[in-house]
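Worksheet for the structure shown next.
The values are calculated or read from the model by the stated rules, or taken from the named source; none is laboratory data. On a predicted model such as this, the values are computed, not experimentally measured, just so you know. Counting neighbours? That spans all protein chains shown, and the Cβs are built from the backbone with ideal geometry, glycine included. Ligands, DNA and RNA are stripped out before the accessible areas are found, and what is left, the full protein with its side chains, is counted by its heavy atoms. Shrake-Rupley method; radii C 1.70, N 1.55, O 1.52, S 1.80 Å.
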Amino acid sequence: VFPEVCEYTGITLTRYMCEIARANPGLNDLETLISSIQTACKTINSLVTRAHITGIVGYADGGGSINVQGEEQKTLDVLTNDVLKRALRFTGKMGVIASEEEEAPVDVLEDEGVGQYSDEAGDAIIDEAGRYTAVFDPLDGSSNVDAGIPTGTIFGIFDMSAAECVLPEVQEGCDDLYSPAVEDDCEGAVSEECMAATLQPGSSLVASGYCLYSSSTFFALTLGAGVQIFTLDPHIGEFVPTHPNVAVPQRGAIYSLNEANRKAWDAPLRTYIEDLQDGNGESGERYTARYIGSMVGDVHRTLLYGGIFGYPADSKNANGKLRLLYEAAPMAFLVEQAGGLALTGKTRIMDLVPQSVHQRVPVLLGSPDDVREMRKYYDAFT
Ligand code: AHG
Ligand code: MN
Ligand code: MN
Ligand code: MN
């Protein structure tokens, strides 16, 4: 039972979630989680907006801090990751957290990296695992952040958790500790329960969303009954409903991919994009290109204007670039809930069960007519 957002126009995301929890008592803990995530996003918005004033730009530790992705971490990658971990940790509702910026899933009880409350009250909050697992990309598009190009935060919530993750005596010599298929001597380096709670398909998400730090700060959310987008009103410091019950246009006239990779795409995709450019697609319109290199910004525009966004497989990267667990699946949930489609090219992203935390997956998502048209090129070529 989800009250219609339009009844609450002018009220806030906080009030909307309060109404949902009142109408669905089983969602009280989820309300607490979304509240902590929105607070974290407000904090991140402030960090990103004021980064050049406070000097938190550039690379972490002056450069050379490489994350598990092999990317050089930005200062803001690290800071935003801590902001989200802290916010989630002290709700007392969290069990496991998986992040782009964490090599392995962390359980909120063990992770010493987050500021510890010294007094009893603080410890009491986190002396037991909560029921939810959160997966997130704390700062998406971070290569853009020093130039002030829009960035975002992506999150997904699963209603399944684990009491602990990395076992105390982590075995030496384990090169890939964090996937079930590790060698025998690494078995148990991360508890199976923790991996089971983390490696869940998009179809098991109970909530997902993003925060877009742009000309406005938008908070998009789905709980499985449509997509609501809220806008941060700086006058009151709250997110207010501005795009109730988002419906992606049936078809758009925009394609959004990094064409620098064009020569590495497969023939069906190259032909599809050429046909769009020449007005030889189903609509007969010549499409235009829009691509900012921040998934959150490109997906947000696709949700509102329609068209197709993608980071497809190519001859250099068979699985593309985007990560299944905390980028593709949460975004696929939102796009499907808005009436769109989200495929790897041929198969539904929400059906894929991750084999490892940072597994990459090809992504093509957006308006249903556009994604279906793209799909036909693969049938024609096989
Ligand atoms: P992140 O900054 O979280 O690592 O993600 C960046 C991703 C995604 O935001 C964007 O769609 C894609 O990288 C852009 O990649 P290219 O610069 O290779 O096009
Ligand atoms: Mn990154
Ligand atoms: Mn990202
Ligand atoms: Mn990121």
Distance cut-off 21 Å, Cα to Cα: go down the list K74/K321; K316/K376; K321/K346; K93/K321; K263/K321; K85/K321 and report the pairs above it. K316/K376; K93/K321; K85/K321
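Please get the size of the charge dipole for the chain, origin at its Cα centre, with Cβ charges of +1 on Lys and Arg and -1 on Asp and Glu, quoted in debye to the nearest 20. Show your work: numbers first, answer last.
Numbers: 26 positive and 56 negative charges, 410 e Å.
It works out to roughly 1960 debye.
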Accessible surface of the chain [probe 1.4 Å, protein heavy atoms]: carbon and sulfur percent: 50 percent
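How would region 270-340 be classified by its alpha-carbon gyration tensor: rounded, prolate or oblate, with rounded meaning a/c under 1.5 and the a/b versus b/c comparison settling the rest?
Numbers: a/c = 2.07, a/b = 1.30, b/c = 1.59.
Because a/c hits 1.5 or more and a/b fails to exceed b/c, region 270-340 counts as oblate.
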Cα lying deepest toward the dipole's positive end in region 198-344, options A247, Y326, A207, charges on Cβ: Y326
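About the Cα centre of region 1-102, how large is the charge dipole given +1 on each Lys and Arg Cβ and -1 on each Asp and Glu Cβ? Please answer in debye to the nearest 20. Kindly include the intermediate steps, with their values, before the conclusion.
Working: 9 positive and 13 negative charges, 81 e Å.
Dipole magnitude for region 1-102 comes out near 400 debye.
Rounded to the nearest 0.05, what FRET efficiency do N319 and Q250 give with R0 = 41 Å and r taken as the Cβ-Cβ distance? Could you check? Don't skip to the answer; put the middle values down first.
Working: r = 29 Å, r/R0 = 0.71.
The formula returns an efficiency of 0.90 here.
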Checked against the positive end of the charge dipole of region 285-341 (+1 on Cβ of Lys and Arg, -1 on Cβ of Asp and Glu, about the Cα centre), the farthest of T288, Y305, Q337 is T288
Ordering of 293-300, 54-61 by burial proxy (mean other Cβ atoms within 10 Å per residue, highest first): 293-300, 54-61
For region 8-60 and region 279-334, compute the distance between their C-alpha centroids and round to whole Å. 25 Å
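By DSSP, what percent of the beta bridges with both residues in the chain are antiparallel, rounded to the nearest 5? Intermediate values should be presented prior to the final figure.
On the way: 44 of 53 bridges.
In the chain, DSSP labels about 85 percent of beta bridges as antiparallel.
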Tilt, helix 13-23 to longest principal axis of the chain (alpha-carbon atoms), in degrees rounded to tens, equals 80 degrees
Which one, V96, N67, V83, is farthest towards the positive end of the dipole of region 12-116 when Lys and Arg carry +1 and Asp and Glu -1 on their Cβ? V83
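Hey, can you find the accessible area per residue of the chain for me, probe 1.4 Å, expressed in square angstrom? Present the calculation step by step, with values, prior to reporting the outcome.
Values: 15230 Å² over 382 residues.
I get 40 Å² per residue for the chain.
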With runs of 4+ DSSP H residues as the only contributors, calculate the mean residue ellipticity of the chain at 222 nm using -39,500 (n - 2.57) per run, divided by the residue total and rounded to the nearest 500. -8500 deg cm²/dmol
